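Enquirer: Below are the structure tokens for one structure; questions will follow.
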Amino acid sequence: MPLLQVTNLRKSYGKHTSVDGISFEIEQGRCVALLGPNGAGKTTTLRMLAGLLQPTSGAISFDGSHPGMDYRRALGYLPQAPAFYGWMSGMEYVTFAAKLSGSGSKEAASMAATAIERVGLTQDARRRIGGYSGGMKQRLGLAQALVHRPRLLLLDEPVSALDPLGRREVMELLRDIREETTVLFSTHVLHDAEEICDDIILMNRGLIAEQGALSQLRSKYSLPVIRMRTEKNDGALKWLETLASKPFIVEARLSGDGAVFNVSDVEVARRSILQEAASLDIPLLQFEAGSSTLEDLFMKVVGA
């Protein structure tokens, strides 16, 4: 039995439909990435799952419960832009969150200390949140979402506003968290989804465009691919355009001084392109042969 089952979930605002009758299931112990371009309906979906928005129609069932039953105590939720009381310390804030979940004062303090330690903020627990960096605030947000030991963790763009160091810190935390808690997170950073998720749900214009295990979707959409970039000169750019007509090129995407080619035979394509580049003295800055990535799948399914 799935931990979370969503059936024909829909949310409309007047004549505008943000989420248009989506259905999916999440199994316990899985890490699921909710992907899609801006306006796809990801945040609206997460807010409905978290109980912060009332669906226009459809049903949400948690662990076999009847649709409509309150399952929010089993959830942890981190919005895209979490708000904090800057005058509070980190420990005070997480203790406050634990009390809101129904814990008594003594238990809440103990739970908060555990959550603070888990996200690596023990040394800064007594500092005011107003003095925290962006990465520290995001870790604090994870602590408040985890403090009551939820069975399902919902995260809305958890790394989008962070610098590379803060992003790496949060991703390492998520890697540990997913070992104990089912996770559903939305993201624009496709590499992060590819790195830690088991399944993906790809939304576009309020609908689910594709969903399933990442390994299965890779097999379904994977093609040999060559990525390359040249110096910016007319000769090199014209050469990239001529490559698109080669018989081993299945699909070509050109962008300025770069190109991505889906090919029928990667060895034949590699040998031919490199030989031609050498004979024409084309200044290559990048040449990479491999298989299509999650970003390629995203672009193909979304149709961007």
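The values are calculated or read from the model by the stated rules, or taken from the named source; none is laboratory data. Everything quoted here is computed from the prediction, not taken from an experiment. Cβ coordinates were reconstructed from backbone atoms using ideal geometry, including for glycine residues, and neighbour counts include every protein chain displayed.
Enquirer: Among residues belonging to the stretch 175-216 that are small (Gly, Ala, Ser) and under 30 Å from His16 (Cα atoms), point out the one that is modelled with the lowest pLDDT.
Expert: Ala193
Enquirer: From (1) within 19 Å of Cys197 (Cα to Cα); (2) part of a strand (DSSP E or B), pick out the condition that doesn't hold for Leu46.
Expert: Tallying (1) within 19 Å of Cys197 (Cα to Cα); (2) part of a strand (DSSP E or B), Leu46 fails exactly one: (2).
Enquirer: I'd like to check which helices (runs of 4 or more DSSP H) are fully inside the stretch 193-304 and have at least 3 residues that are of a type outside the set (S, T, N, Q) and under 30 Å from Glu157 (Cβ atoms).
Expert: Once the helices (runs of 4 or more DSSP H) in the stretch 193-304 are filtered for at least 3 residues that are of a type outside the set (S, T, N, Q) and under 30 Å from Glu157 (Cβ atoms), what remains is 214-221, 294-302.
Enquirer: Restricting to the stretch 64-105, and then to whatever is among the hydrophobic types (A, V, I, L, M, F, W, C) and surrounded by fewer than 15 Cβ atoms within 10 Å (Cβ to Cβ), can you tell me which residue is nearest to the chain's Cα centre (by Cα)?
Expert: Ala81
Enquirer: Let me ask something additional. Please name all residue pairs, on different chains or six or more residues apart, with Cβ atoms under 9 Å, provided the first residue is in the stretch 258-279 and is surrounded by fewer than 16 Cβ atoms within 10 Å (Cβ to Cβ) and the second residue is of a type in the set (Asp, Glu) and assigned to a helix (DSSP H, G or I).
Expert: Close Cβ pairs satisfying both conditions: none exist.
Enquirer: Taking the stretch 74-108, which residues are among the aromatic types (Phe, Trp, Tyr) and under 30 Å from Asn38 (Cα atoms)?
Expert: Correct list: Tyr77, Phe84, Tyr85.
Enquirer: Related question: Condition first: surrounded by fewer than 15 Cβ atoms within 10 Å (Cβ to Cβ) and more than 26 Å from the chain's Cα centre (by Cα). Can you find one or more residues in the stretch 287-302 that meet it?
Expert: Within the stretch 287-302, one or more residues are surrounded by fewer than 15 Cβ atoms within 10 Å (Cβ to Cβ) and more than 26 Å from the chain's Cα centre (by Cα).
Enquirer: So, in the stretch 106-128, of the ones that are under 26 Å from the mean Cα position of the chain (by Cα) and aliphatic (A, V, I, L, M), which residue ends up surrounded by the fewest Cβ atoms within 10 Å (Cβ to Cβ)?
Expert: Leu121
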